[in-house]
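Worksheet: the structure to be examined is printed underneath.
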Amino acid sequence: MFQDRREAFMKAMGTGVAILPAAPIRHRTADQDHVYRQDSDFYYLTGFTEPEAVLVLAPHHPEHRVILFVRPRDPERETWDGRRAGVEGAVAKFGADVAYRIDELDAVLPRYLDGQERLYYRLGRFDSFDDRVIGWMASYRTKARSGATGPTTLVDPAAILHERRLFKSPAEVALMRRAATIAAEAHVAAMQATRPGMREYEIEALIEYTFRRRGAMGPSYGSIVGGGENGCILHYQENESELKDGDLLLIDAGAEFDFYASDITRTFPVNGRFSKPQRELYDLVLEAQKAAVETVRPGKTFMEVHEAALRVLVTGLVRLGLLSGEVDDLIAREAYKPYYMHKTSHWLGIDVHDVGAYKIDGQWRTLEPGMVLTVEPGLYVTPGTPGAPEAYWNIGIRIEDDVLVTPEGHEVLTKDVPKEADEIERLMAGSLAGAR
C-alpha cells in the first residue's frame with residue numbers, strides 16, 4: 001500500500017526531488033515529551049512511525065528512488081526510549097531502496113539534488129527544517145561558477161499528495177470503519193454510564209478507556225465533554241464540571257485506529273429524559289442532520305450539504321420563535337449566526353480535519369466516491385442571546401456522523417450510535433433501571 005502511494009506520487013511529480021521530514025518531538029515539560037505522533041503526510045507515504053527521519057523521493061535516480069534517513073540502531077538508547085528500525089529495517093521493512101543514518105543527511109542529500117531543477121517541499125510546516133532546506137538550495141548559488149546546478153524552484157507537494165489523500169481506498173475505508181465502530185461503542189457506553197452528580201472527566205475517562213480497550217491508538221483529537229452551558233462552547237476542553245440534573249451533555253469524541261480518525265458528536269440528557277425545550281431543539285437539529293446526510297451523494301457539492309442543514313435549522317428557529325422573518329432573508333443576512341456559527345462538514349481521514357481542497361477554481365467541490373466527510377449541524381443558545389426565550393438558555397446541541405460518499409449515494413460509518421431522542425431515552429432508561 002505504501003509503495004503504491006509513493007509510486008503514484010512520483011509519477012505525478014515527473015521530475016525533481018521530494019523531501020518530507022518526520023514530525024519533530026514536542027516537549028511537554030522540562031524533561032518529558034508529548035506522546036509521539038508521526039506527521040500524516042510522512043506516514044501516508046512510508047508507514048514509518050519513528051521521529052528523526054526524512055524521506056527523499058528521487059524518480060530520476062537509476063537505483064535509489066526511495067531514500068530514507070533514520071536513526072541508527074543503538075542498544076543503549078533503545079533500552080531507554082524503545083526499539084528502532086535502523087538503517088537495515090528502513091530497507092527491509094519499509095521499502096526504501098537505500099537508507100542512511102539521519103546524521104548523514106547534510107553530507108548525502110546533495111547527491112540526489114544535483115542537477116534537479118524542482119524541489120518538492122512544504123515550507124511552513126516545521127520551521128527548523130525549513131532553514132535547512134533553504135540552506136541546501138542557497139548553497140547551489142555559491143557553487144554556480146563551478147558548474148554545479150541544483151533546485152531553483154520550490155513546489156508544494158500538497159497539491160499532489162493532499163488530493164490523493166482526499167480519496168480513500170478500500171483499505172483506508174476499512175480502517176475508518178474500525179475507528180468508527182470503536183468510537184460508537186464508547187459513545188454508547190457514555191450514554192449508559194452518565195448520571196447526575198458525575199464529573200465531565202469521569203465520562204471522558206470512560207470514553208478514552210473504551211478507545212484503548214478496543215485497540216485504538218487513543219483519541220483522534222481532544223475529547224469534548226460539556227454539560228449544560230459548557231455544551232455551548234464549540235471547542236470546550238476543560239471537562240471538569242459537575243453534570244447536573246436537567247442539563248444536556250454534549251460529547252464530541254473520536255478514536256484513532258491505525259492513524260485513521262473517527263469523529264462523533266452526540267447530545268443527550270444527563271438524567272435520561274429530554275425536557276420540552278431540549279426536545280424541541282434536539283429534534284430540529286436531528287431533522288437538519290438527516291437532511292444534510294441525505295444530500296451526500298456524487299454530484300452534490302460540499303456546500304449543498306451545509307445548505308440543506310441550514311435551511312432546516314432556520315425554518316425551525318422561526319417556527320419556535322427564536323428568529324423572526326423570511327427564511328431566505330434570514331439566511332442571506334446570516335441572522336442565524338448567534339445560534340449556529342460553524343459549517344456543517346469537514347473532510348475526515350488520517351487527520352480529523354483532513355486535507356483536500358474544498359473549492360476548485362473558486363467553486364465548491366463536487367462530492368465523489370471515496371471522499372469521507374462529517375455531517376454535524378448544531379444549535380447553541382447562550383444566556384442572554386437576543387430573541388432567545390430563557391427556556392432555551394444553556395442548551396447546546398450537536399449531532400455528528402462520519403459519512404462515506406459511495407457510487408450509489410452514501411454510507412454512514414457511525415450509524416451504531418443512537419441519535420433518535422426516543423432511542424436515547426430508552427437506552428438510558430435501561431441503564432438507569434439496571435443501576436437501581
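The values are calculated or read from the model by the stated rules, or taken from the named source; none is laboratory data. Keep in mind that this is a model prediction, so the values were computed, not measured. Quick reminder, even Gly has a Cβ in these numbers, built from the backbone with ideal geometry, and neighbours come from all protein chains shown.
Taking the condition under 30 Å from HIS34 (Cβ atoms), surrounded by 13 or more Cβ atoms within 10 Å (Cβ to Cβ) and without any contact (Cβ under 8 Å) to a residue 60 or more places away in the chain, does ARG125 pass? Give the derivation first.
Working: under 30 Å from HIS34 (Cβ atoms): yes; surrounded by 13 or more Cβ atoms within 10 Å (Cβ to Cβ): yes; without any contact (Cβ under 8 Å) to a residue 60 or more places away in the chain: no.
Considered against the rule, which asks whether it is under 30 Å from HIS34 (Cβ atoms), surrounded by 13 or more Cβ atoms within 10 Å (Cβ to Cβ) and without any contact (Cβ under 8 Å) to a residue 60 or more places away in the chain, ARG125 comes out as no.
For region 352-399, how many residues are among the hydrophobic types (A, V, I, L, M, F, W, C), in a loop (DSSP other than H, G, I, E, B) and under 30 Å from VAL270 (Cβ atoms)? Give the steps one after another, and end with the answer.
Filtering region 352-399 for residues among the hydrophobic types (A, V, I, L, M, F, W, C) gives 352, 355, 357, 360, 364, 367, 371-373, 375, 379, 381, 388, 391, 393, 395, 397, 399.
Now narrow it down to the ones that are in a loop (DSSP other than H, G, I, E, B): 352, 355, 357, 367, 371, 388, 393, 399.
From what's left, under 30 Å from VAL270 (Cβ atoms): 352, 388, 393, 399.
Looking only at that region, the number is 4.
Give the residue that is nearest to ARG178 (Cα to Cα), with candidates limited to residues of region 236-268 that are small (Gly, Ala, Ser) and surrounded by fewer than 20 Cβ atoms within 10 Å (Cβ to Cβ). Outline the logic, then answer.
Step one: of region 236-268, the residues small (Gly, Ala, Ser) are 241, 246, 253-255, 261-262.
From the residues that got through so far, the ones that are surrounded by fewer than 20 Cβ atoms within 10 Å (Cβ to Cβ) too are 241, 246.
Working: SER241: 31, GLY246: 34 Å.
The residue in question is SER241.
For region 27-49, what are the residues that are crowded, with 17+ Cβ neighbours inside 10 Å and in contact with an Asp or Glu (Cβ under 7 Å, 6 or more places away or on another chain)?
SER40
Taking the criterion of being of a type in the set (Gly, Ala, Ser), more than 28 Å from VAL381 (Cα to Cα), in a strand (DSSP E or B) and touching an Asp or Glu at 6+ places or on another chain (Cβ under 7 Å), would at least one residue in region 175-186 satisfy it?
So in region 175-186, the residues of a type in the set (Gly, Ala, Ser) come out as 179-180, 183-184, 186.
Next, only the ones that are more than 28 Å from VAL381 (Cα to Cα) stay: 179-180.
Narrowing the set further to residues that are in a strand (DSSP E or B) leaves none.
Scanning region 175-186 turns up no residue that is of a type in the set (Gly, Ala, Ser), more than 28 Å from VAL381 (Cα to Cα), in a strand (DSSP E or B) and touching an Asp or Glu at 6+ places or on another chain (Cβ under 7 Å).
Could you check, for region 418-434, whether at least one of its residues is under 22 Å from LEU250 (Cβ atoms), crowded, with 24+ Cβ neighbours inside 10 Å and out of contact with any Ser or Thr (no Cβ under 7 Å at 6 or more places or on another chain)?
Within region 418-434 (the criterion being under 22 Å from LEU250 (Cβ atoms), crowded, with 24+ Cβ neighbours inside 10 Å and out of contact with any Ser or Thr (no Cβ under 7 Å at 6 or more places or on another chain)), the answer is no, since none of the residues qualifies.
Taking only pairs six or more apart or across chains, which ones have beta-carbon atoms under 6 Å, a first residue in region 332-348 that is touching a residue at least 24 places away in the same chain (Cβ under 8 Å), and a second residue that is part of a loop (DSSP other than H, G, I, E, B)?
Matching pairs, first to second residue: PRO338/THR385; THR344/PRO377; HIS346/HIS353; TRP347/ASP354; TRP347/GLY356; LEU348/ASP263; LEU348/ASP354.
What is the number of the single condition among (1) under 14 Å from VAL305 (Cα atoms); (2) over 24 Å from the mean Cα position of the chain (by Cα); (3) among the polar types (S, T, N, Q) that SER345 does not meet?
Unmet for SER345, out of (1) under 14 Å from VAL305 (Cα atoms); (2) over 24 Å from the mean Cα position of the chain (by Cα); (3) among the polar types (S, T, N, Q): (2).
Is it the case, given these coordinates, that GLY370 is surrounded by fewer than 14 Cβ atoms within 10 Å (Cβ to Cβ), on the phi > 0 side of the Ramachandran plot, in contact (Cβ under 8 Å) with a residue 60 or more places away in the chain and out of contact with any Asp or Glu (no Cβ under 6 Å at 6 or more places or on another chain)? Talk me through it step by step, then tell me what you get.
Working: surrounded by fewer than 14 Cβ atoms within 10 Å (Cβ to Cβ): no; on the phi > 0 side of the Ramachandran plot: yes; in contact (Cβ under 8 Å) with a residue 60 or more places away in the chain: yes; out of contact with any Asp or Glu (no Cβ under 6 Å at 6 or more places or on another chain): yes.
No.
Any idea which residue in region 30-48 is nearest to HIS353 (Cα to Cα), counting only those that are modelled with pLDDT of 95 or more and not in a loop (DSSP other than H, G, I, E, B)?
SER40
Residues checked against (1) under 24 Å from TYR340 (Cβ atoms); (2) at pLDDT below 95; (3) assigned to a helix (DSSP H, G or I):
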position: LEU404; (1), (2), (3): no, no, no
position: GLU408; (1), (2), (3): no, no, no
position: THR414; (1), (2), (3): yes, no, no
position: ALA433; (1), (2), (3): no, yes, yes
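Of the residues GLY228, GLY218, GLY222, which single one is surrounded by fewer than 19 Cβ atoms within 10 Å (Cβ to Cβ) and on the phi > 0 side of the Ramachandran plot? Don't jump to the end; show me each part of the working.
Working: GLY228 fails: surrounded by fewer than 19 Cβ atoms within 10 Å (Cβ to Cβ); GLY222 fails: on the phi > 0 side of the Ramachandran plot.
Just one listed residue meets the conditions, GLY218.
How many of the residues making up region 281-292 are touching a residue at least 60 places away in the same chain (Cβ under 8 Å) and either surrounded by fewer than 17 Cβ atoms within 10 Å (Cβ to Cβ) or farther than 14 Å from LEU373 by Cα (or both)?
The initial filter retains those residues of region 281-292 that are touching a residue at least 60 places away in the same chain (Cβ under 8 Å), namely 281-286, 288-289, 292.
From the residues that got through so far, the ones that are either surrounded by fewer than 17 Cβ atoms within 10 Å (Cβ to Cβ) or farther than 14 Å from LEU373 by Cα (or both) too are 281-286, 288.
Looking only at that region, the number is 7.
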